[in-house]
1. Among the strands (runs of 3 or more DSSP E) lying completely within the range A:402-486, list those that include at least 2 residues that are touching a residue at least 60 places away in the same chain (Cβ under 8 Å) and under 30 Å from A:THR566 (Cβ atoms).
2. For A:SER571, all conditions in the list (1) surrounded by fewer than 18 Cβ atoms within 10 Å (Cβ to Cβ); (2) out of contact with any strand residue (DSSP E or B) (no Cβ under 9 Å at 6 or more places or on another chain); (3) hydroxyl-bearing (Ser, Thr, Tyr) hold save one; what is the number of the exception?
3. Considering the range B:76-128 alone, what residues qualify as being within 14 Å of chain A (Cβ to nearest Cβ), assigned to a helix (DSSP H, G or I) and either touching a residue at least 60 places away in the same chain (Cβ under 8 Å) or closer than 21 Å to B:ALA15 by Cβ (or both)?
4. Being surrounded by 19 or more Cβ atoms within 10 Å (Cβ to Cβ) and either within 14 Å of chain B (Cβ to nearest Cβ) or touching a Lys or Arg at 6+ places or on another chain (Cβ under 6 Å) (or both): is that true of A:ILE39 here?
5. For B:LEU3, all conditions in the list (1) touching a helix residue (DSSP H, G or I) at 6+ places or on another chain (Cβ under 9 Å); (2) within 14 Å of chain A (Cβ to nearest Cβ) hold save one; what is the number of the exception?
6. Would you point out which residue out of A:ASP201, A:ASP191, A:ASP186, A:ASP196 is more than 16 Å from A:GLY170 (Cα to Cα), surrounded by fewer than 22 Cβ atoms within 10 Å (Cβ to Cβ) and free of Cβ contacts under 8 Å to residues at least 60 places away in the same chain?
7. Can you pull out the residues in the range B:13-34 that are away from chain A (no Cβ under 14 Å) and crowded, with 18+ Cβ neighbours inside 10 Å?
8. Can you tell me how many residues within the range A:209-229 are assigned to a loop (DSSP other than H, G, I, E, B) and touching a residue at least 24 places away in the same chain (Cβ under 8 Å)?
Amino acid sequence: MPGSRRWWRPGRDEQRPREARRWTRIAVAVQGPPTVFLILRRMRAPLIVLISIFAVSVLGLTLIPGRDDAGQPTRMGFFDAFYFMSYTATTIGYGEIPHAFTGAQRLWVTAAIYLTVIGWAYAIGSLLTLLQDRAFRQALALQRFTRTVARLREPFLLIAGYGQTGRLLGRELDALGRRLVVIDTDAERVDALDIDAYRSDVPGLAGDARNPQTMEHAGLGHPYCEGVLALTDDDEVNLAVTMTAALVRPDLPVIARTVSPAVEHRMAAFGSPTVVNPFDRYGDHLRLALRAPASYQLMAWLESGPGAALPERAQPPRAGRWVLCGYGRFGRELTEDLHAEGLTVTAIDIQAVACAEPWVIPGDGSEPQVMAAADLAHAVGFVAGTDNDTTNLSLVAAARHINPGLFVASRQNRPETAPLFAAMRIDSLLVPAEVVAHEIYAQLSTPLLWRFLREMPALGDEWARTMVERLQRHCGRRLPGLWRTTLDASETPALARRLREGRATLGDLLRRPVDREQRLDIVPLLILRDGQVTLGPADDHVLQAGDQLLLAGQPPEQRALTDTLTIDSVSRYVLYGQRVPSSWIWRRLTRSNP
Amino acid sequence: MSLEKVIFGFFVLLAATLNFGFFIGDLADPKLHNEYELFAAVVVNLIATVLKFGDRTQIGAVHLATSLVADLQLIAATLAWTWATQVSADGLDGESMAAVVSLSGGALLANIVSVVLLVIETVSFQRR
């Protein structure tokens, strides 16, 4: 019968892409040892001891002569003996059956009771030890994790490394409703997953992400795996994760973090991973902040995720000399960026050799004479960029002491020191973990936001200033939700006619369903049409079918707009000002044909 | 020589021989079938089963399966025997004895398969 083999219908939530319906397996024996085998193996000796003790006791009882109630010699049958031993060994004890025991029988039973108690104690003790055993618990955890991952039926992201960055990003992505699977070498961090307030269940495994098998357990080959994020603070691990993902699943997008350009180069050799270098990105951000403070402010705000407060608009000095403490990877990146902006730089580094670049002063930044050589009094900006937070804080304090008017930037390495840096009122703070998390968030949340952030700086500072003001006026000082809408039959069914007429403007759409004279507090950020983007479109922008919109607004406003886009009677009122009944019968009765 | 292999072979073989000893003789004659032998067969079979626990190879899995079958058959035989001696009004007559012995015959078949597997395993084992 044709078609009879497909008697089932895929569910409505079937979102799996067609080409990836099957698991991609990397190794033959990828499954961990089934825990039941482990139990059976360990329980062999105790069980055999128990069986033997039972057998000996029962056999003895049947062999020892007894006496029945009439005083005639008799022997106990196997069944009675087994029954007696069963209730005696389990300490239930119904007494002596079928007849009162003779002395010889009691002697044997006494010995049997002690033997069986030892047997039970040994068996139960072994079982409890097994349950406490670390290897056993790990095997159980791995099995549970593998099963949970295998049962995922919606797209999920595989995160390797659940440190500061992973946690920040995990929370933001979870707020967007994305599913995550986490691997980290540190068991404590994985345990913290249970405590962290996630909306959805996040399976976590303590394991080495460098091991392809661990990645396999975490669902690298899973048909619903939609991307891999390598976020550990070890460049080599990140490289290994990138490699594994690129070799096993070349179709998956990979985002990796690194602070070393060399590793970045090696990563690029495997497919086309998106590499995020926090130092490099911070340099770019600082350049943007130098050129267009408002653009930078807008970018930082949108990248921070829903609910973030509007950041202060930093005003780094655009001319003059900067002093940099710490000339490592970060210092070099930043110096290049500052030079590119036409600023002069004096760098201080304890490990710098004298013959290096002319602007480098070798020495310890915390020594007064070295600071004096840098001539802070005539500098405009100061960057404390060492990898030690205590040093950075003391450097900032020393620099402020010499020149209170300095623009101060600093690098914060550890999350615990955040309150100290906040108390110092640093003008521009680099937190590598946050830079990476925000960058990846912007790329993953919606592709339109990423597009917006890339195109936005070109429009200039003035445009960004207006946009920030608009967002603030409509949505308040906390970043509202950003969402994407495609104007097509499935997402905006109520709009089809208006779109065909070619008269739908953005302003019409954003009228309030309660009172169409009012406008919804929604700011359109971007319209994408045939690959062309319009940033911050005006209200008279004419919409077409197929347009993709990136909008910002509070959740109630979003719901109101969704009503307009999907409910026919609402859209009739909003777009045309006609009040039509919403039920089919009333529409028939009033004969208001659409 | 490994002690583990000796013990394993011993119990597998002993299970089969005890089973055979109980089974042999006229099916319906209670005099020819010793209840102690049946008891010993059940105990040795249980021990052989536990010894086969936790082996993850293919042949180990089949070993365990045959042992489980033998256990099932022998326990059914003891239950039939218990019923006949304790519950049934007729006592251990020819009919019920035939049921007990034929059930143990099934267990014997499983035990023979077990022994055959043991032999195959031994023959195919090559020390490198």
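1. Strands (runs of 3 or more DSSP E) meeting the threshold: A:481-486.
2. (1)
3. The answer is B:ALA77, B:THR78, B:LEU79, B:ALA80, B:TRP81, B:THR82, B:VAL100.
4. No: the conditions fail for A:ILE39.
5. Unmet condition: (1).
6. Unique residue meeting the criteria: A:ASP186.
7. B:ALA16, B:ASN19, B:PHE23
8. The total comes to 9.
The values are calculated or read from the model by the stated rules, or taken from the named source; none is laboratory data. Being a predicted model, the structure only gives us computed values, none of them experimental. Virtual Cβ from ideal backbone geometry, glycine too; neighbours counted across all protein chains shown.
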